[in-house]
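The values are calculated or read from the model by the stated rules, or taken from the named source; none is laboratory data. All figures in this text were calculated on a predicted structure; none of them were measured in a lab. All Cβ positions, even for glycine, are placed from backbone atoms using ideal geometry, and neighbour counts span all protein chains on display. The area values use the complete protein model at the heavy-atom level, side chains included, leaving out ligands, DNA and RNA. Shrake-Rupley method; radii C 1.70, N 1.55, O 1.52, S 1.80 Å.
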Amino acid sequence: MQKRRSALVTGSTSGIGLAIAGELAARGMNLMLNGFGNAAEIEAQRTRLAHDHGVEVLYDGADMGRQDAIETMMSRAAQQLGGIDVLVNNAGIQHVAPVDEFPVEKWHAILAINLTAAFHTTRLALPHMKFNQWGRIVNIASAHALVASPYKSAYVAAKHGIAGFTKTVALEVAEAGITANAVCPGYVLTPLVEKQIPDTARARGITEEQVKRDVLLAAQPTKRFVTTEEVAQFVAFLCSDAAASITGTVLSIDGGWTAH
Ligand code: NAD
């Protein structure tokens, strides 16, 4: 019988990453979860995934903004899961401010977590993937890897950067059975986005429904949020054997946003 594959999903304690982790576990993969949050809730998620799907699930709270923490997490994954076969770089943060007022420390944090972390996990995961002549790397980018919005300079720079990084890695490992792709969601209703709605409604003097439709979904032609389940299924397909010829791509799942 084939050994279970092992997946690391960074930022998998919430939102898109949590849904991806659930989908990969449902497809029989052992998991390394990562991200911040309430320790008891994370432990409950970890045991639920392990119990529901009969797979091994570990958790490492490495700060993806720190090289040393990423290195420690990756050596743990090598020792306790036998290496990472499927790497999903998902952890991400946002900060919104005009470029001439953008806090320098926020710029560095966004670039570190949304871009440089993927360089570190990738360089540390690749030797095992190359040895096995099989691997899957999926980088959760954004529609902002393809188009810009004002006041999101660091996020847009990091997401455009991850698209270029993904293509470069894909070319380097194409003959080793390893694929690398970037997935670009439009607006997904995660806790991160949900939290912004009441504040925006108050600030603009409009209803929460108007915020969703006229502010958040203004550029999303379907006028509905992409769901975490849709992103998770898409990513899981890219991580399957059937997706062996899909590599070096920057794939949209954005309700038509970037068709404008
Ligand atoms: P979220 O806030 O719900 O989840 C983010 C995850 O990253 C959490 O698990 C959090 O703990 C973790 N994280 C944050 N900083 C970290 C750090 N320093 N080290 C380790 N983990 C850290 O957000 P989400 O909406 O699920 O976003 C996930 C990814 O999807 C991000 O890369 C984001 O840019 C991207 N994305 C989101 C949307 C959207 O509309 N929600 C759209 C496009 C792309």
When the Cα centres of the range 177-243 and the range 84-126 are compared, how far apart do they sit, in Å? 19
Would you please give the residues with an amide H less than 5 Å from that of GLY135, counting only those at least 5 places away or on a separate chain, with H modeled from the backbone geometry? ILE178, THR179
By how many degrees, between 0 and 90 and to the nearest 10, does the Cα long axis of helix 117-132 differ from the longest principal axis of the chain? 30
Compute a Gaussian network model of the chain, connecting alpha carbons closer than 10 Å, and tell me which residue from ALA112, ALA154, ALA97 fluctuates the most. ALA97
Whole-Hz Karplus couplings 3J(HN,Hα) for the range 137-153, θ = phi - 60° and coefficients 6.51, -1.76, 1.60, Gly and Pro as x, run 10, 10, 9, 7, 8, 4, 3, 6, 7, 10, 9, 10, 10, x, 6, 10, 4
0 to 90° range, to nearest 10: angle between helix 67-81 axis and the chain longest Cα axis: 40
Local net charge near SER142, Cβ-Cβ under 11 Å (Lys/Arg +1, Asp/Glu -1): +1
For the chain, dividing by residue count, accessible area per residue (probe 1.4 Å) in Å² works out to 47
Under a 10 Å cutoff between Cα atoms, tell me which one of GLY83, GLY65, GLY54 has the largest fluctuation in the Gaussian network model of the chain. GLY54
Roughly what angle does helix 39-53 make with the longest principal axis of the chain, taking Cα atoms, 0 to 90 degrees, to the nearest 10? 60
Would you work out if the chain is rounded, prolate or oblate? Take a ≥ b ≥ c from the square roots of the eigenvalues of the alpha-carbon gyration tensor; rounded if a/c is under 1.5, else prolate when a/b is larger than b/c, oblate otherwise. prolate
Amide H partners (placed H, <5 Å) of VAL57, local residues excluded: LEU31
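Which percent of the accessible area of the chain is formed by carbon and sulfur heavy atoms (probe 1.4 angstrom)?
On the way: 6750 of 12140 Å².
C and S fraction of accessible area: 56 percent.
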Test of understanding: what is the full-extension gain from HIS108 to GLU194, defined as 0.36 nm times their sequence separation minus their Cα-Cα distance? 28.4 nm
Which one, SER240, SER149, SER75, has the greatest fluctuation when you compute a Gaussian network model over the chain with C-alpha springs under 10 angstrom? SER149
For the pair ALA174 and ASP52, the simple spin-label estimate (label points 7 Å beyond Cα toward Cβ) gives in nm 3.8
Can you compute the helix-only [θ] at 222 nm over the chain? Use -39500 (n - 2.57) per DSSP H run of at least 4 residues, normalise by all residues, nearest 500 deg cm²/dmol. -13500 deg cm²/dmol
Out of residues 5 or more away from SER252 or on other chains, whose amide H comes under 5 Å of its own, with H placed 1.01 Å from N in the peptide plane? CYS184
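Around LYS223, under 13 Å between beta carbons, what's the net of Lys plus Arg minus Asp minus Glu among the other residues? The partial results should precede the final answer.
Values: positive: LYS212, ARG213, ARG224; negative: GLU209, ASP214, ASP254.
Cβ neighbours under 13 Å give a net charge of 0.
Tell me the relative contact order for the chain as a rounded percent, counting alpha carbon contacts under 8 Å between residues six or more apart. The partial results should precede the final answer.
Working: 487 pairs, mean separation 49.8, N = 260.
Once normalised by length, the contact order is 19 percent.
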